[in-house]
Amino acid sequence: MEQEIIKKRVVGIDISLEVTTYAIVDVRGDILVMESFHTMDYPDVTQFVTALSERLMNLIDHNGGYESIRSVGISVPSANFMTGSIENAPNLPWKGVIPLAALVRDRTGFAVAVANNADVRALGEHAYGLARGMRDFVVMTMGSGIGSCLFSNGMIHKGNDGFAGEIGHTCIVHDGRQCSCGNRGCLETYVAAKGVIATAKELMQQSQKPSLMRELDKLTPRTIKECCDKGDELAIEVYRRTGEILGMGLANYASMVDPEAFIFTGGISRAGNWLFEPAKEMFDRFVFHNTCGKAKFLISEDDRVENNVLGASVLAWEVREYSLFK
């Protein structure tokens, strides 16, 4: 009797606006080899998929070969697991609906699963990070955009059409800042990177108060946080206002889903207490009283891209094995 070969490696891919990273991961969760390239080198999605597939197959050829790989998992903003597509991403250069899973599958021959980066990060946190042992929690991704993934009773809640968790595009300020999604006043326009920078610019225009921020060559959430660390009052006010808006948004979220914890990842979360102290104060003020004091605020211990790749590898193990050549 011919014995079936069980493949013990998958590919995890993390696509961000800046960098696309791809790696071979074994069954123990060890990254065997990893490479990356600049996403924006390929503003045309067809060229991007071609480049990704060629680089990926070259990596596989030099590290165990095609027959060693079971499947591929891809983390990307605005992805829909149910369709395997990127759908109308506001922060990526590729517009419309892009059937990414099918495109990569057809070029590589592997089974491919695609999911929103927040969902994939939640899978990684559940398997390897702060959410181990939790069944009801929310992972918040905070960078160029704001996303979330809700784990409910040990499973990701995807919603009817696969779009659950888009907290960044909930309205928090009536007739507020214009959002790239087309609406106004979205949480993302105040709490994501561009929102933090916009708040800093507004405060500097409204006040003549001296600030280290005025001397910065480049205004970013990280450099604003560094000004906070040096005692800059205007920079501290930037994150106080950002935190209060975040806390109100999370209070609405928690009042509906009653999570054990919010786990924060991404560059904005590196602001630490400058952001989360006012956020928690506002959260406790507005959350449903039976939930107050129960939901923990946790900052992910490690935001390296390796964590996102590991999350994508968890996604890969869950997809049914497939090959064009079987």
| message | What do you get for the angle between helix 45-61 and the principal long axis of the chain? Use alpha-carbon atoms, 0 to 90 degrees, nearest ten. | response | 60
| task | Under 1.5 on a/c is rounded, so check that first for the range 125-227, then, if it is not, pick prolate when a/b is larger than b/c and oblate when it is not; a ≥ b ≥ c are the square roots of the alpha carbon gyration tensor eigenvalues. | result | oblate
| task | Let me know the whole percent of all Cα-Cα pairs from the chain that are separated by more than 30 Å. | result | 37
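Kindly rank 150-157, 26-33, 12-19, 208-215 from highest to lowest mean number of other beta carbons found within 10 Å of each residue. Before the final figure, lay out each step's value.
Values: 150-157: 15.6, 26-33: 12.2, 12-19: 20.9, 208-215: 13.8.
Most protected by this proxy first, the peptides run 12-19, 150-157, 208-215, 26-33.
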| Solvent-accessible area per residue for the range 168-314 (1.4 angstrom probe, square angstrom) | 50
| note | Rounded to the angstrom and largest first, Cα extents along the principal axes for the range 88-152 equal 37, 28, 17
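With a sphere of radius 13 Å drawn around the Cβ of residue 194, what net charge do the other residues whose Cβ falls strictly inside it have (Lys, Arg +1; Asp, Glu -1)?
Values: positive: 177, 201; negative: 188, 202.
My count for the surroundings of residue 194 gives 0.
Counting only other residues whose beta carbon sits under 9 Å from that of residue 260, what net charge do I get with K and R as +1, D and E as -1? Please list the in-between numbers first.
On the way: positive: 135, 294, 296; negative: 136, 258.
Charge balance near residue 260 sits at +1.
When the dipole is taken about the Cα centre of the chain, and only Lys, Arg (+1) and Asp, Glu (-1) are charged at their Cβ, what size is it in debye, to the nearest 20? Walk me through the numbers before you get to the answer.
Numbers: 33 positive and 41 negative charges, 68 e Å.
Rounded to the nearest 20 debye, it is 320 debye.
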| note | Of all trypsin sites (Lys or Arg not before Pro) in the range 45-153, the ones in DSSP coil with at most 15 other Cβ atoms within 10 Å are 95, 132, 135
| task | May I ask you to give the percent of accessible area on the chain that is carbon plus sulfur, with a probe radius of 1.4 Å? | result | 50
| For the Cα atoms of the chain, what angle does the longest principal axis make with the long axis of helix 233-257, in degrees from 0 to 90, nearest 10? | 60
| query | So, in the chain, how many Lys pairs have Cα atoms under 26 Å apart, if the pair is 8 or more places apart or on different chains? | reply | 25
| request: Would you mind checking the tilt of helix 117-128 against the longest principal axis of the Cα atoms of the chain, expressed as 0 to 90 degrees and rounded to 10? | output: 80
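The values are calculated or read from the model by the stated rules, or taken from the named source; none is laboratory data. Keep in mind that what you see is a predicted model, and the values were worked out from it rather than measured. FYI the Cβ positions are ideal-geometry reconstructions off the backbone, even for glycines, and counts take in every protein chain you see. Please note that ligands, DNA and RNA were not included when accessible areas were found on the heavy atoms of the full protein model with its side chains. Shrake-Rupley method; radii C 1.70, N 1.55, O 1.52, S 1.80 Å.
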